[in-house]
Amino acid sequence: MHVLRALACAAATLLTTFAQVQHAAAQTAGAIVQGRVTDGLTSETLVRATVRIDGTSLRAVTDRDGRFRISGVPAGRQVLVITYRGRKDKSVEIAVEGGATLTETIVFDEPYTYNEGVTVGGDLIVGDDSADGTRRHVGGARC
């Protein structure tokens, strides 16, 4: 009887230790953050938007359905930064559990930026004497 009790106690101890090790491994294992990015202005998916975990080198680019998947994300509070050409970046705070998969639906509603300059150059031609085909060239113009 004492032998059975000792074996039962040992088995319980092993199971408890195994569960604690599994829990600790899950806490330190990288998580998966996945989801979809849509345009808040049109409700269409955003193709080729960059989604990154701020402060890390972890990133993904959305596919034609606006979906992304990032593996190896550290547990804890993280910030997703979504970048799309011609628009301001969007930041989203997330809570990541070690070893878990977190699915986010992100509505990208940041405004367009118009900070790109355009230079137009050409020659200014004044007058056209179609009788002899000559034109008077005044010089270059920049707008």
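Annotations
- If the condition is being of a type in the set (A, V, I, L, M) and modelled with pLDDT of 85 or more, then the stretch 94-123 contributes Ile94, Ala95, Val96, Ala100, Leu102, Ile106, Val107.
- Residue match in the stretch 64-78 (condition: over 19 Å from Thr101 (Cα atoms), free of Cβ contacts under 8 Å to residues at least 40 places away in the same chain and out of contact with any Cys (no Cβ under 6 Å at 6 or more places or on another chain)): yes
- Every listed requirement among (1) out of contact with any Asp or Glu (no Cβ under 7 Å at 6 or more places or on another chain); (2) closer than 13 Å to Val107 by Cα is met by Arg59 save one, (2).
- Among the residues making up the stretch 70-96, a single one is out of contact with any Leu (no Cβ under 9 Å at 6 or more places or on another chain) and hydroxyl-bearing (Ser, Thr, Tyr): Thr83.
The values are calculated or read from the model by the stated rules, or taken from the named source; none is laboratory data. It should be emphasised that the depicted structure is a prediction, and the values quoted were computed from it without experimental measurement. Glycine also receives a Cβ, built like all others from the backbone with ideal geometry; neighbour counts cover every protein chain displayed.
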